[in-house]
Structure formats: C-alpha cells, structure tokens
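Comments concern the structure below.
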Amino acid sequence: MQVYHGKSVFGGIAIGRILVYGREEKPVKPEKTKDAKAEMLRYRKAAQTALKQLDGLYQKALQEAGEDGAAIFEIHRMMLEDNAYGESVENIIYGQQVKAEYAVARTGEHFARMFADMEDAYMRERAADVKDISERLLAILGGEGEKGIRTKEPVILLAEDLSPSETVRLDKEMILSFVTARGSLNSHTAILARTMGIPALVDTGLPLDGKLDGMLGIVDGLAGVIYIDPDEETLTGMGKALEQEKEKAKLLQTLKGRENVTLDGQSILLYANIGNIGDLAAALQNDAGGIGLLRSEFIYLERDRFPTEEEQFRIYRTVAETMGKKPVIIRTLDIGADKQCDYFGMEKEGNPALGCRAIRICLTRPDIFRTQLRALFRASVYGEISIMYPMITSVKEICRIRKIVEEVKEELNARGVAYGNPGQGIMIETPAAALISDLLAREVDFFSIGTNDLTQYLLAADRQNRAVDEFYDSHHPAVLRLIQMVVENAHQAGIRVGICGELGADPGLTREFLAMGVDELSVSPGSILPLRKAILETNVSEYRKTRSRLLSPLQ
C-alpha cells in the first residue's frame, strides 16, 4: 500500500479505480513560412474559435459551479483579448517569419514565466492560466477538437496538475475524485473543484506512473490522504466510513424545516453566501433562512464593461423577489486584492490586499458607487434587502457613505422613482473596525464579520500565499477574542451581528459562536444543514461552563 498526503480542496471519501491523466506535450519547432500575413490570419481565426469555446465553458461552469467557478473563464477571455498577448504573437510571426504555432508557444512560455516570477501569490497562479490559453490555441491551430477526460466507469483521476478548462469539463458522474501532484488551494482549479463538490486533493507530490492505471485507490478528503492499492484493513475501514457519510447525508435532509435552536433554547439564524442568481436554487434547497452575503462584485467580474443601473437593478430585484420575505444582504462592490477587473483601470499595486479596494474604490470613484446604490435602493421595494459595506476602518467612512446615500435618494426623488428603506450594515474585517466596533455600532443597523480578511490582517499572513499557510490560523485566540469583542459591542448598541467568512462554516467553532452570542452564521449553501445538526445537538449553557478562559478578553 502506498500513502500520500496532500492539501484537501474538498472533503468526502472516494473509493474506485485510478486513471492517470497526462497531457501530450509535443515540442513546437520554429517552422518557417513565406506568408506571414496568412499565418497571422490563422492565429486570429484560432483566437476567435478559442473565445467561442471559452464562452461555452463559462456557461457550463456557471450552471455547475456558480459565478465564483465560472469567473476563471472570463479571466481567460480577458487574457486572450489582451493586446500584449496578440502583439507578442504578431511580432514573432513577422519578425522571425515563422508559423503561428511557434509564435503562440513562445508567447505562452514568455507570459507564463513572467507571471511565475511575480512576487504576488495570486499573480503567480495566473501562469497556469496562460499555459491553458496557449494549449487551447495550439490545439485549434493543429485541427484538434476540445480535449476531455474520457472514461467508461467512475474513476479517481490522478494528474500532475489540471487546468481550469480540464476541470470544468470533468463529467462528475464519471469522476469520483481528482488528486494532483502539484497545485495550490487558492488556484482557480481548486475553487472550481470546491464549488462543483468534487472530493479533491492537491500538492500531494505523488509520482505519476502509468503502472497506477487501473489500481484501486481511496481518497480521504477529510484527512487529505490518498491510499493506492490499500490493504484489506484500510479498505474495510474506509468502506465503512463511506457508508457512514452517505447515511449522514440522508439524515441531514430530515433537518429541513427545523428551527435552528439549541438543546437549551438558544436560537441562531442560518443564511447562505451566494455569488449570483444561479446560486439561489442551492440556497433554497438547503433551507437557508435568507441570504447573508450576495457578492455583488461578480456582476462586474463577468463583464468587460461597467454594468448599468438597469442591469444591476434587475439582478437585485430577482434575488429579492425569489427570496420573498426572507432577508437578503447585498454587499456593495468588493473589487481589489485577488479580484481584479481590467476595465476599472486601476494602477498596479505592490500589495493590493492593503491597497485601493472595496469601499475605498467606491469612495474615491463615487460615480460607480452611486450607480450601484440607485439600483439597490430601487430593488429594495421588492423584498427584504439590506446593504452591507466592506473594508470599513473608521466612522469617517460611514459618514461619507451616508452623505452619498442621501444624494442618491435625492436623485431618485428627482426622477420620481420609488425606493425602499434598506438596512445599512458594515463588514468587520479589519482590526481597526473591530477595535472601534463600539463606535461603529452606533452608526449602523448590523455587523457582519468577514473572518477571512480579519484573520489575514490580524496575523499578517496573506491568505493567498501558500508559503504562509501554516501561519494563517483562523482559530488563533487573537481572532476569537476580537470576534467576541465585536459581538459584545454590537449587542451593547442594540444591533445584530453575524459571521459571513469561512470560519462560520467550521463545525469545530459552532459551539463557541453560540456561546459568544453570534446572531447569524452565513455560509455556503451546502454547509447549512450540517451546521443545523451541530446547533440542535448543542447545550450552550453547559458548554459555557467548560469553555476556555483564553478566548474571552473580559476574563
């Protein structure tokens, strides 16, 4: 039996035969041409075909993985349409009088190396995207159809790495799991796997060997382990674990319609985090009490221009009407850091996580902000919409927001357009906001704690940088103390407070958040029923007697 450890992208257990997937990388020789113009025309036609393929992949990913998963193909489109890529191909074709294949291969190598050498972890991940684009173009130029991973029976797929295009083309009915030798938890391929619900491991370091084809494998996504040719004891044990997982999934379905109340009568709200309209079905299927976070930035990321007021209004109205009387919290534009949008024309920053992002863009470019606010206020007539502002650090920012909001209301009044009175809340995701949360609580209707950014800023550990994964500890006592401080300050001011970061879905902290008095947990739709189970089985009063004194800043 061989055992390899990796990083878990998505939990779950898979048992099945192994299929080793390897790309055929043929070296592209600098074949000369006497008609550079014709070669350039071939490249342009191939680029147009590639754009059509990317559109198809975007739609497939949108249906299976939502906006978050589909966004990568918008990034591929933008890269392919970028003048720098096309100009490099053109310069090589005309300058060296070579065929389009060689020009594309060389351009891909140059750009991939450029991204790979960048200091920013997110930008380094884009090297794989450039390779994906170049391989697509080479396949088209060579007259090949879109490559897929084909198998006659469900398998565990082993690969050196998988591109986003390959991942989204996986037939989920035929792929039990995938495991890669390389890759990172923050790559777009990992994001796609997570949103599609495919058990997966990355960065296992396993040597790819054709001899592994057809061998039996077990992937334990919870432990981050793959067993190859497992012994009888391991096979029996993991088989039982797989059956238990299936039974748990069935039992969770019986929790639909139940209230989120602990054994000793404490209630908490369970909401869903979504990225687009397509995620609404999952939220409703998993019995979400509302939408705790609609990431409006994906409306911008899926376009190559600014969305109009009417386009945004229709989306917000649809969400509000679909959810009926259930609350919908919509976060205003949160572009920046790892979510870049070329048409914004933002200057490149040495440290974008600490740069001009989220509310800072909205306050420095109020025309963009006003357009979104008008759409939000108009849509609030059709449901229980609240507006949430990200990356707040001061009371001064809230005052500036309030002034713009009043100007927006005046604009709508002048146009004779009806609008509602949506709640106004902020995200607590900077240490500054947490430390002055007593002051901020007097200015808004609610708080939502964004634990992902709060953790990285508090611990000075970039959550996009896998080199500091071991230092990014979301369970750090400092993080938990700060969350408790925010909850207490919010309640003293008479406002509610929720958690909408990844930490909210961590079952290991559910009792702690209940003990703190958190009013709401907003998580991915698939995490709602498991959390409900944990809540129903918790006695908060008993837990408070034994909880660690380390977590409370007041003890």
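The values are calculated or read from the model by the stated rules, or taken from the named source; none is laboratory data. Because the structure is a prediction, the values reported are computed rather than measured. Ideal geometry is used to build each Cβ from the backbone, glycine not excepted, and the neighbour counts take in all protein chains shown. The area values use the complete protein model at the heavy-atom level, side chains included, leaving out ligands, DNA and RNA. Shrake-Rupley method; radii C 1.70, N 1.55, O 1.52, S 1.80 Å.
For region 285-334, which positions are of a type in the set (A, V, I, L, M), open to solvent by 20 Å² or more (accessible area, probe 1.4 Å) and in a strand (DSSP E or B)?
Narrowing region 285-334 to residues of a type in the set (A, V, I, L, M): 288, 291, 293-294, 299, 301, 315, 319-320, 323, 328-330, 333.
Now narrow it down to the ones that are open to solvent by 20 Å² or more (accessible area, probe 1.4 Å): 301, 315.
Listed by number, the list is empty, since nothing qualifies.
Give me the pairs, please: first residue somewhere in region 482-497 and open to solvent by 50 Å² or more (accessible area, probe 1.4 Å), second residue anywhere and assigned to a loop (DSSP other than H, G, I, E, B), beta-carbon distance under 7 Å, and either six or more positions apart or on two chains.
Every condition considered, the pairs that remain are M485/P553; H491/G517; R496/D519.
With the requirement that a residue be open to solvent by 40 Å² or more (accessible area, probe 1.4 Å) and modelled with pLDDT of 80 or more, what does region 49-76 give you?
T49, K52, D55, listed by residue number.
Could you check region 77-114 and list, in sequence order, the residues that are hydroxyl-bearing (S, T, Y) and either under 15 Å from K29 (Cβ atoms) or crowded, with 21+ Cβ neighbours inside 10 Å (or both)? Working first, answer last.
Kept after step one, since they are hydroxyl-bearing (S, T, Y), are these residues of region 77-114: 85, 88, 94, 102, 107.
Y85, Y102, T107 - these are the residues of region 77-114 that are hydroxyl-bearing (S, T, Y) and either under 15 Å from K29 (Cβ atoms) or crowded, with 21+ Cβ neighbours inside 10 Å (or both).
Check every one of the helices (runs of 4 or more DSSP H) wholly within region 446-552 and list those with 1 or more residues that are polar (S, T, N, Q). Show your work before the answer.
Details: elements: 451-459, 477-492, 510-516, 528-536, 540-546.
So the answer is 451-459, 477-492, 510-516, 540-546.
Listed here are the residues, each with its yes/no results for (1) open to solvent by less than 40 Å² (accessible area, probe 1.4 Å); (2) assigned to a helix (DSSP H, G or I).
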| residue | (1), (2) |
| --- | --- |
| G239 | yes, yes |
| E243 | no, yes |
| A249 | no, yes |
| L255 | yes, no |
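Can you find a residue in region 399-421 that is within 23 Å of the chain's Cα centre (by Cα) and open to solvent by less than 10 Å² (accessible area, probe 1.4 Å)?
Step one: filter region 399-421 for residues within 23 Å of the chain's Cα centre (by Cα), giving none.
Taking every residue of region 399-421 in turn, none turns out to be within 23 Å of the chain's Cα centre (by Cα) and open to solvent by less than 10 Å² (accessible area, probe 1.4 Å).
If I ask for residues that are open to solvent by 50 Å² or more (accessible area, probe 1.4 Å), within 30 Å of E297 (Cα to Cα) and either without any contact (Cβ under 8 Å) to a residue 40 or more places away in the chain or not hydrophobic (A, V, I, L, M, F, W, C) (or both), which ones from region 257-274 would you list?
Those that are open to solvent by 50 Å² or more (accessible area, probe 1.4 Å), within 30 Å of E297 (Cα to Cα) and either without any contact (Cβ under 8 Å) to a residue 40 or more places away in the chain or not hydrophobic (A, V, I, L, M, F, W, C) (or both): none in region 257-274.
So which pairs qualify, if the first residue must be in region 44-58 and part of a helix (DSSP H, G or I), the second must be surrounded by fewer than 18 Cβ atoms within 10 Å (Cβ to Cβ), the Cβ gap must be under 7 Å, and the two must be at least 6 apart or on different chains?
Q53/E146
Can you confirm whether A460 is over 27 Å from A249 (Cα atoms) and surrounded by fewer than 19 Cβ atoms within 10 Å (Cβ to Cβ)? Working first, answer last.
Details: over 27 Å from A249 (Cα atoms): yes; surrounded by fewer than 19 Cβ atoms within 10 Å (Cβ to Cβ): yes.
So A460 passes the test.
Within region 463-479, work out how many residues are surrounded by fewer than 17 Cβ atoms within 10 Å (Cβ to Cβ) and not charged (D, E, K, R).
First, the residues of region 463-479 that are surrounded by fewer than 17 Cβ atoms within 10 Å (Cβ to Cβ): 467-471, 473, 475-478.
Then drop every residue that is not not charged (D, E, K, R), which leaves 467-468, 471, 475-478.
Of the residues in that region, 7 qualify.
Give region 357-392 a look and list any residue that's open to solvent by 40 Å² or more (accessible area, probe 1.4 Å) and not in a helix (DSSP H, G or I), or say none.
R365, E384
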